[in-house]
Amino acid sequence: MTIIPVALGSRSYDIQIADGLLDRAMDVLAPYIARDRAIVVTDETVATRQLGRLQVSAQAAGVELHTIVLPAGEGTKNWHQLEKLTDQLLSLGVERGDHIIALGGGVIGDLTGFAAAVLKRGCGFVQIPTTLLAQVDSSVGGKTAINSKAGKNLIGAFHQPGFVLIDPSVLDSLPTRELGAGYAEVVKYGLIDDAEFFKWCEANGSDLLAGDRSAQIAAIGHSVAAKARIVAEDETERSGRRALLNLGHTFGHALEAETGFSDTLLHGEAVAAGISLAFAYSARRGLCDAADAERVAAHFETTGLPNGLSAAGVSASGDTLVGHMQHDKKMEGGTLPFLLARGIGQTYLARDVDLSDIAAFLDEAA
Ligand code: NAD
Ligand code: GLY
């Protein structure tokens, strides 16, 4: 069992990781369950695959568990579902001191976290992430949000969970493609500032994706510790440190927008292609060695992830893709900061990027 603290003063919390932890979730969550009842929010798929384990644990602990099941998928992160969810939570008599349980991937975590942030001006919540992406990224750090017509995650709040419970065994029911999408976020931590961890990924990534539990536990622990460190340094993304977690996301966001934020290209797949493009662009500008960019692209190829525009199935022009980037919420006074690399494990925030140069690069990269 691993326990990783997120040090945020009065908002500090622990992340606990252990195989099989979901089966004794209610024992572990006891300090967060104020009464002899709890409310869990999940989606239809997770309800059929993993919810039963939480219910058995609640029954054994004598906790009455109220369940709210939402449709699966990104479309659930909207105003309508937020309204329905908050109404349901209020009708169940949720109190500020309660901790609502979010059992699911990033969609359920982001939506439930946002509901908790606004309900009664702030209720508690705990995260039980069930996708690799949510285990290594979205369940930690307190970014909560829903989407709007104008774009993804544009309506949200920073609201830290009270606890994060990670059980890698839930990944056994996760579709392979979703596992791969989450793996892109694992690789990201190595590329940001930890070249040794990228080497570890090169050696162990394929085993992890094939279901090797010890590789999964090692990757989750390492990723979560990195995220906890970065969030503790820059909780609300003011200093630029937390922005490093967006490596590959600006290019990736343009690819997701071009493919309609659909199952054609999952978020993590867009991140893999976006990271590859960020490294290729850095090499083109002479910031890093071409060999580094090739190594990154080769690793994503080996692990079945897209590593560029054509692999991501995108044939749009550079201007079209840059047009999508201009709707990015990171735009600052007409310019867009980019995460570029001076090498593997040497990512930095560049504010001197000319969008017409990005468009020209994307046309060359097509
Ligand atoms: P998701 O929540 O939609 O889950 C992906 C799919 O896997 C869904 O169909 C879900 O039902 C299914 N699923 C989940 N767990 C399963 C399991 N154990 N077995 C079988 N099926 C399972 O997507 P995601 O990739 O987890 O998260 C993406 C969301 O996360 C996006 O909305 C993104 O904006 C958000 N995100 C947030 C942050 C943050 O810091 N808050 C960071 C990254 C991404
Ligand atoms: N996933 C990016 C962040 O949490 O800041």
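Explain nothing, just the number: relative contact order of segment 276-366, from Cα pairs under 8 Å at least 6 residues apart, as a whole percent.
Across segment 276-366, relative contact order equals 32 percent.
Quick one: Cα convex hull volume of the chain, Å³ per residue?
119
Give me the distance between the Cα centres of segment 260-295 and segment 178-226, rounded to whole Å.
Cα centroid to Cα centroid, the span is 17 Å.
Specify which residue in the list Q346, P129, G211 is farthest towards the positive end of the charge dipole of the chain, using unit charges on the beta carbon of Lys, Arg (+1) and Asp, Glu (-1), about the Cα centre.
Projecting each Cα onto the dipole axis, the largest value belongs to P129.
Leaving out ligands and nucleic acids, note down the accessible area per residue over the chain with a 1.4 angstrom probe, in whole Å².
Using a 1.4 Å probe on heavy atoms only, each residue of the chain averages 39 Å².
In the chain, if the dipole is taken from +1 on Lys/Arg beta carbons and -1 on Asp/Glu beta carbons about the Cα centre, which of M1, S57, W200 is farthest to the positive end?
So the residue we want is S57.
How large is the dipole of the chain about the Cα centre if only Lys and Arg carry +1 and Asp and Glu carry -1, each at its Cβ, rounded to the nearest 20 debye?
The calculated dipole for the chain is roughly 940 debye.
Relative to the longest principal axis of the chain, what angle (0 to 90°, nearest 10) does the C-alpha long axis of helix 176-193 take?
70
Given the pairs K84/K149; K77/K120; K120/K149; K77/K149; K120/K152; K120/K329, which span a C-alpha to C-alpha distance of over 22 angstrom in this model?
K120/K149; K120/K152; K120/K329
Which of the peptides 49-55, 274-280, 97-103 is most tightly packed, and how do the rest follow, judged by the mean count of other Cβ atoms within 10 Å per residue?
274-280, 97-103, 49-55
Express the Stokes-Einstein translational diffusion coefficient of segment 90-162 in µm² s⁻¹, to the nearest whole number, given a Kirkwood radius over alpha-carbon pairs, 25 °C and a viscosity of 0.890 mPa s.
203
Averaging over all projection directions, find the projected area of the Cα convex hull of segment 268-347 and quote it in nm² with one decimal place.
For segment 268-347, averaging the hull's shadow over all directions gives 5.7 nm².
Find which of G221, L82, A278 sits farthest along the positive direction of the dipole of the chain, computed with +1 on the beta-carbon of Lys and Arg, -1 on that of Asp and Glu, about the Cα centre.
Highest projection toward the positive end goes to L82.
What aspartates and glutamates could a cross-link reach from K143, if we take a straight Cα to Cα line under 17 Å and drop same-chain neighbours fewer than 8 places away?
Within the straight-line cut-off, K143 pairs with D14, E74, D110, E185, E233, D234, E235, E237, D328.
Rounded to whole Å and ordered largest first, report the semi-axes of the equivalent ellipsoid of segment 138-199 derived from its Cα gyration tensor (root of 5λ).
24, 17, 15
The values are calculated or read from the model by the stated rules, or taken from the named source; none is laboratory data. If you're wondering where the values come from, they're calculated on a predicted model, not measured in any experiment. Methodologically, a virtual Cβ is constructed for each residue, glycine included, from the backbone with ideal geometry; neighbour enumeration extends over all protein chains shown. Quick note on the areas: whole protein, heavy atoms, side chains included, nothing else; ligands and nucleic acids left out. Shrake-Rupley method; radii C 1.70, N 1.55, O 1.52, S 1.80 Å.
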